[in-house]
Structure formats: C-alpha cells, structure tokens
Amino acid sequence: MSYGTPYLDDDFLTGGVLSRRCFGWLIDVVLIAVLIWVLWWILVMFGLLTFGLGFGAVSILPWVPFLYQFLSLLGAASATPGQRMMGLAVRRNDDLGPPTVLQALVFVLVFYVTMATSGLLLVVAFFTIRHRALHDLLSGLVVVRVEALTAAGGGWNMQGGTSVP
C-alpha cells in the first residue's frame, strides 16, 4: 500500500496491467489506422471538390494519433477505447483521480517521444512500482484496472462495485 491510497494495494490495483496495456495498444493502433484511412478519403474528396485548394487539410493527419490519445485521456473514462476494452483506466498516481490537462499532455508527448526512439524505454515498466512506464512516471499518472477502482470496499473515494437494493 502506498501513494495515499490506503484501501488498495499495488498488486490489486495493477495486477495484469502490462499485458492488458499491450493488447489495448494494439486495438488502438487498429482504430487509429481506420480513423486515418477514413479521414484521408474525406480530405482527398474535399481537395478534389475544391479543385486542389483543400489538399492542404491532409496535413492534419499526422496529428490524429496524438489527438486520439489526448482527448481520450481527458474523457469521462480516462482511457483510450483500446484501454477501455481491456478494462483499464489512466489515473493520477497520488490520489487516483482523473488526469489533468497538463498531465494528459505530458503523458501523450512523452509516450510518442518514447515510441519515436524505438520504444525500448517502455522496458522501464518491468522494473517500477505499479508497472509504470517512463511516460507514466514523468506525467504523474498510473494505469490501473477499472475493477480495482470499483470493487466492493475498494477505492478511497469510489463507491462499491455493485449495490444490492
């Protein structure tokens, strides 16, 4: 037990998170690819309809993965769609609240810098408490299992998982 979360131990909070993160990331890669493909066709059609003047809008496509992850972290679930499918949520490490705008920005920027440098720095997650990667450490965030946040008698400020009327 650590980090101001007296009701949750680290194993319960982050057990199995590394494999779930990997599969969630693969799902997100597929979703981002589909999103970019659809946007590319829309922007090409827009460019053709504007007789070439709209082709400059294609330059927004490299920002799609960044915006996908950033806006997902700021959403109600605090997770990308792939992370949600795998039962994960991104939370502040100190109090397990949702990430702030600055934390989400740092999280995403450092993640893509790490990926641009071969992704080898992700190995840090094997050796840290709560299996936090470099972008988690620098942003002050942690990826946790959603069940751990909503379990009966669970989170520090969360209601129990199921209620019996």
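Read the figures in this text as sums done on the coordinates, not as results from a lab. Just so we're clear, the structure is a prediction, and the values are computed from it rather than from any experiment. Glycine gets a Cβ as well: all are built from the backbone with ideal geometry, and neighbour counts include every protein chain shown.
Observations
- Counting only whole DSSP H helices of the chain, the ones at least 18 Å long by C-alpha along their axis and with mean Kyte-Doolittle hydropathy no lower than 0.5 are 17-49, 101-116.
- Over the chain, volume per residue of the alpha carbon convex hull, in Å³: 131 Å³
- Taking 0.36 nm per residue of separation and subtracting the Cα-Cα distance, full extension of the segment from residue 26 to residue 147 would add 41.4 nm.
- Calculated FRET efficiency for the pair residue 115/residue 59, C-beta based, R₀ 25 Å, to 0.05: 0.75
- Note on 28, 10: ascending count of other Cβ atoms within 10 Å places them as 10, 28, the fewest first.
- The protection proxy used here, the mean number of other Cβ atoms lying within 10 Å of each residue, ranks peptides 96-107, 130-141 as follows, highest first: 130-141, 96-107.
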